[in-house]
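K.L.:
A single structure is presented below for examination.
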Amino acid sequence: MKILFITLSNIGDCILTLPVLDALIDKYPDAEFSVVTSLRAKEVFEAGPFVKKIIIYDKKNPLKEKLEFIRQLYRENYDLVLDLRHTILPFILKAKRLNRLFSSKRSSHMRERHLYQLAIRDYPLPIKRHFFMNVKNEHASSKDYIVVAPGARSHLKRWSIDGFAQVCDRIIQESGLSIILLGDSDDKAIVDKIIPKMANTAINLAGKTSLVELAALLKDAKLVISTDSACMHLASYLNRPIVAIFGPTSDKKYGPWSKNNGIVKKEIFCRPCEKAQCKFGSLDCMSLIKPEDVLRQVNNILGHRIQVIGHKIERNFKRILIVRTDRIGDVVLSTPVIKALRDNFANAYLAMMVSPATEELVRGNPYLDEVIVYDKEKEHRGVIRSLQFALFLRKNQFDIAVILHSTNRVNLLAYLAGIKERVGYSRRLGFLLTKNIPYAKYKGEKHEVEYNLDLLRCLGIGIEVNDASLFIPKDNQAEAWAKEIFRSYGIDEIKEKIIVLHPSASCASRMWPIERFREVAEALIKRYDARIIIVSGANDRALTDRLSGLIRQPVINLGGKTTLMQLASILRRSTLMISNDSGPVHIAVGCGLPVVVLFGRSQPGLSPLRWGPKGASDIVLHKKAGCVVCLAHDCKNNFACLKSIEASDVLSAVDGIIKLC
């Protein structure tokens, strides 16, 4: 029996047809197989012993040569023809057609569509692989390596060179595995740009292997990281673990089909477009993918976990908006929500809406794809501008808004933006939300972080939270600024005790007497030869100037002189922080700095249980003054609770922390 197999696409598409050819070989083991394909894909079918003849067809040939090509096929007298290109050849050749005339509407992946063309239910399953099975690896002496294939035929399917360099470096540093960079001769220029950007050494075999040698390297790899390319499909055929990076093309149609795989993509509203050019000229579907997104999938697979955090999510939100438009500390305490959503929805487009005052805190967060600034005081003030902002949100086509701090304005904006699911607390026009939970924060029964995470848990779709730690991103410019500040003041961050004082707060009910701060500063300088740095926001500069003037020894007064990222960089270099109950406390915790926090108020919703620091070594000083009811900022007892905290209490707390350092 003579069987003709017709597939005329590029290498990757031809590899997608191999399961069909494998099934035919199993069904007709004694048949004589011929394959019609392109010159570029010839190597695919040379990698198995069952194809007797490979016939090259060039669609650019003139008509005369095409007619001669058909005559030659006609003379072969084929018994069966399987034509995956749906040409008229089976009818001209007068052979029995094996495949259906129409493709499957039930199967979206191309591999499944090809198999549907064959009456696959009549064939043995699982399908045995007959190609690339006997290849030998002569390029790598060890099997402890990961293959990275950064190339793709279309530039639209290529991820950033810097991104690949960072991913390769992190893998080498954290896993100890080697990296082999692969690709054909067209990919060599891309790989040659990645290598110099890496801090570690990788093996560059781009353009140096045949397809069979490439298969041998893939077959022994611990993991394959690839774009939507022939390398990814070959790794799928060989059933290797794969992390595939997808942009404008459809992962449902062309994604990896090995048992263990992870897909990295950003669900922006226009993908997958499958167009030859990006109509917006931005290619955000690829540029928004970060090294952390790829590494998350790498860690999942290397840890033998296919699911992001090992459980099933019952709904898949593609475009998520987190809303938190209040103060500094509130936004920092919301960062566990960002990470939890990213862990559960790895490929979602994740944006956060904040006020201008807190933008810095989340701008560099690696788990976010976009930061949206809502400025109700200036840019978006008034009805018309608010409506324009709502229309802007509408264009983003968010699936869900997670509103961590419900206000009338925010709930209304989410409603007007047409966001289908709006989750928040049942207060302040809470009826505009599609799902809300009773507002009980005023009871102070748990920490603000847990209240924030409750909004995710209430969705009831299987979300799990494994990490409730705070996160503050690093800013390179701020780090350089802080380094220069320490150099200019002659501070040795390794040998010296560097103690940061934050004497300000948003209201008088949170402010410990400035004279006590002076007393503590002078005692710490005497006791530890400590370097004292005073910080505050721009509005409290007069307060820090006053404190600096009261202290009799030299101190460094940075009050009102730092951005939030610069403050974070100072805190990362310090030993500990002493502060009133305020936003910078949570920035310090997010930077890993121990804190001593001075609390006054006893209202449950304002207590340390809800607003205290989350670090393991942090100490809260909080005394009761015998008030039956705490009136907070309307205190009639001259804030006796705060004043009952003595300088000696603070010094004892500092001693305890320093002993542990």
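K.L.:
Give me the angle, in degrees from 0 to 90, between the Cα long axis of helix 541-550 and the longest principal axis of the Cα atoms of the chain, rounded to the nearest 10.
P.N.:
Orientation of helix 541-550: about 50 degrees from the principal axis.
K.L.:
Using helices alone, I'd like the mean residue ellipticity at 222 nm for the chain: each DSSP H run of four-plus residues gives -39500 (n - 2.57), total over residue count, nearest 500. Numbers along the way, then the final one.
P.N.:
Values: 26 runs with 237 residues, N = 661.
Roughly -10000 deg cm²/dmol at 222 nm, from the helical runs in the chain.
K.L.:
Top to bottom by accessible area (1.4 Å), largest first, where do Glu292, Glu138 land? Walk me through the intermediate numbers first.
P.N.:
Details: Glu292 55, Glu138 155 Å².
Descending order: Glu138, Glu292.
K.L.:
Take Asp162, project a point 7 Å from its Cα along the Cβ direction, then tell me which residues of the stretch 182-199 have their backbone nitrogen under 17 Å from it.
P.N.:
193-199
K.L.:
Give the shape of the stretch 492-537 as rounded, prolate or oblate, defined through the alpha-carbon gyration tensor: a ≥ b ≥ c are the square roots of its eigenvalues, a/c under 1.5 means rounded, and otherwise the shape is prolate if a/b is larger than b/c and oblate if not. If you can, show how the numbers build up before the last one.
P.N.:
On the way: a/c = 4.25, a/b = 1.79, b/c = 2.38.
In terms of gyration-tensor shape, oblate.
K.L.:
Kindly report the accessible area of the stretch 317-438 per residue (heavy atoms of protein chains, probe 1.4 Å, no ligands, DNA or RNA), in Å². Spell out each step's value before the answer.
P.N.:
On the way: 4810 Å² over 122 residues.
Here the per-residue accessible area is 39 Å².
K.L.:
Of all the accessible heavy-atom surface of the stretch 451-500, with the other protein chains kept in place and a 1.4 Å probe, what percent is carbon and sulfur?
P.N.:
Numbers: 1230 of 2690 Å².
Answer for the stretch 451-500 is 46 percent, counting heavy atoms of protein chains only.
K.L.:
Still on this structure, please answer the following. How about the stretch 232-301: which chymotrypsin sites (Phe, Trp or Tyr not before Pro) there are in a DSSP loop, with at most 16 other Cβ atoms within 10 Å of their Cβ? Display every interim value, and only then the final one.
P.N.:
On the way: sites: Tyr237, Phe246, Tyr254, Trp257, Phe269, Phe280; in loops: Phe246, Trp257, Phe269, Phe280.
Here the sparse-neighbourhood loop sites are Phe269, Phe280.
K.L.:
Counting other Cβ atoms within 10 Å of each Cβ, which chymotrypsin sites (Phe, Trp or Tyr not before Pro) in the stretch 461-558 have at most 14 and sit in a DSSP loop? Let's see the in-between values first.
P.N.:
On the way: sites: Phe471, Trp481, Phe486, Tyr489, Phe517, Tyr528; in loops: Phe471, Tyr489.
Sparse-neighbourhood loop chymotrypsin sites (Phe, Trp or Tyr not before Pro): Tyr489.
K.L.:
Still on this model: Does the stretch 34-96 come out rounded, prolate or oblate by the C-alpha gyration tensor, with a ≥ b ≥ c the root eigenvalues, rounded set by a/c under 1.5 and, if not, prolate when a/b is larger than b/c and oblate if not?
P.N.:
Oblate, because a/c is 1.5 or more while a/b does not exceed b/c.
K.L.:
On to the next question. Taking a probe of 1.4 angstrom, what is the accessible area of Arg601 in Å², to the nearest 10?
P.N.:
Counting only protein heavy atoms, the figure is 20 Å².
K.L.:
Something else now. Karplus couplings for the stretch 262-268 from phi (6.51 cos²θ - 1.76 cosθ + 1.60, θ = phi - 60°), rounded to Hz, Gly and Pro as x?
P.N.:
x, 10, 10, 7, 10, 7, 6
K.L.:
Summarise the accessible area of the stretch 506-625 (1.4 Å probe, protein heavy atoms) by the percent that is carbon and sulfur.
P.N.:
Details: 2190 of 4550 Å².
Accessible surface attributable to carbon and sulfur in the stretch 506-625 totals 48 percent.
K.L.:
Skip the ligands, DNA and RNA, and give the accessible area per residue of the stretch 557-661 with a 1.4 Å probe, whole Å².
P.N.:
It amounts to 39 Å² per residue over the stretch 557-661.
K.L.:
Can you check what the Kirkwood hydrodynamic radius comes to for the stretch 189-280, Cα pairs only, in Å to one decimal?
P.N.:
Details: mean 1/r = 0.0682 Å⁻¹.
Result for the stretch 189-280 stands at 14.7 Å.
K.L.:
Mind sorting out which of [x] 3, 13, 21, 24, 20, 12, 5, 2, 0, 0; [y] 3, 16, 27, 28, 19, 7, 1, 0; [z] 3, 13, 19, 19, 16, 12, 8, 5, 3, 1, 0 is the real P(r) over Cα pairs in 10 Å bins from 0, in percent computed from the coordinates?
P.N.:
It is the value labelled [z].
K.L.:
Which whole-number percent gives the relative contact order of the stretch 600-660, counting Cα pairs below 8 Å spaced six or more residues apart? Walk me through the numbers on the way to the answer.
P.N.:
On the way: 41 pairs, mean separation 24.0, N = 61.
RCO, the stretch 600-660: 39 percent.
K.L.:
Specify whether the C-alpha gyration tensor of the stretch 263-394 places it in the rounded, prolate or oblate class, a ≥ b ≥ c being the square roots of the eigenvalues: rounded for a/c under 1.5, otherwise prolate if a/b is larger than b/c and oblate if not. Let's see the in-between values first.
P.N.:
Working: a/c = 2.28, a/b = 1.39, b/c = 1.64.
It is oblate, given that a/c is not under 1.5 and a/b is not larger than b/c.
K.L.:
Shifting gears a bit: How much length, in nm to one decimal, is gained on full extension between Ser469 and Phe269, taken as 0.36 nm per residue of separation minus their Cα-Cα distance?
P.N.:
Working: separation 200, 0.36 × 200 = 72.00 nm, distance 3.07 nm.
Between Ser469 and Phe269, full extension yields an extra 68.9 nm.
K.L.:
For the chain, find the longest principal axis of its Cα atoms and tell me its angle to the long axis of helix 211-220, 0 to 90°, nearest 10.
P.N.:
Helix 211-220 sits roughly 50 degrees off the main axis of the chain.
K.L.:
Under the Karplus relation 6.51 cos²θ - 1.76 cosθ + 1.60, θ = phi - 60°, what is the ordered set of whole-Hz ³J(HN,Hα) values for the stretch 223-239, x standing for Gly and Pro?
P.N.:
Once θ is set to phi - 60°, the couplings for the stretch 223-239 become 7, 10, 10, 8, 7, 6, 8, 4, 4, 5, 5, 5, 5, 5, 4, 7, 6 Hz.
K.L.:
Express the Stokes-Einstein translational diffusion coefficient of the stretch 515-590 in µm² s⁻¹, to the nearest whole number, given a Kirkwood radius over alpha-carbon pairs, 4 °C and a viscosity of 1.567 mPa s. Provide the component values of the computation, followed by the final result.
P.N.:
Working: Rh = 12.8 Å.
After rounding, the answer is 101 µm²/s.
K.L.:
Next question. Report the full-extension gain for the segment Glu292 to Leu63: residue separation times 0.36 nm, less the Cα-Cα distance, to one decimal in nm.
P.N.:
On the way: separation 229, 0.36 × 229 = 82.44 nm, distance 5.22 nm.
Extra length available between Glu292 and Leu63 comes to 77.2 nm.
K.L.:
Pop out the ³J(HN,Hα) list for the stretch 20-37 in order, Karplus 6.51 cos²θ - 1.76 cosθ + 1.60 with θ = phi - 60°, rounded to Hz; leave Gly and Pro as x.
P.N.:
Couplings: 5, 5, 4, 5, 5, 4, 5, 6, 10, x, 9, 6, 9, 9, 10, 10, 9, 8 Hz.
K.L.:
DSSP loop GluC sites (Glu not before Pro) in the stretch 346-437 with at most 14 other Cβ atoms within 10 Å of their Cβ, which ones?
P.N.:
On the way: sites: Glu359, Glu360, Glu370, Glu377, Glu379, Glu421; in loops: Glu377, Glu379.
Here the sparse-neighbourhood loop sites are Glu377, Glu379.
K.L.:
Turning to a different aspect of this structure: Where the centre of each part is set by its Cα atoms, how far does the stretch 132-191 sit from the stretch 409-431, in angstrom?
P.N.:
46 Å
K.L.:
Among the listed pairs Lys197/Lys279; Lys193/Lys279; Lys94/Lys275, give every one whose C-alpha distance is greater than 32 Å. Walk me through the numbers on the way to the answer.
P.N.:
On the way: Lys197/Lys279 30 Å; Lys193/Lys279 27 Å; Lys94/Lys275 37 Å.
Beyond 32 Å: Lys94/Lys275.
K.L.:
Where does each of Cys273, Cys231 land when they are ordered by accessible area, with a 1.4 Å probe and the largest first? Could you put the intermediate results ahead of the total?
P.N.:
Values: Cys273 50, Cys231 15 Å².
So, going from the largest accessible area down, we get Cys273, Cys231.
The values are calculated or read from the model by the stated rules, or taken from the named source; none is laboratory data. Here the structure is a predicted model, which is why all the values come from computation and not from measurement. Cβ atoms come from the backbone with ideal geometry, glycine included; neighbour counts cover every protein chain shown. All accessible areas refer to the heavy atoms of the entire protein, side chains included, with ligands and DNA or RNA removed. Shrake-Rupley method; radii C 1.70, N 1.55, O 1.52, S 1.80 Å.
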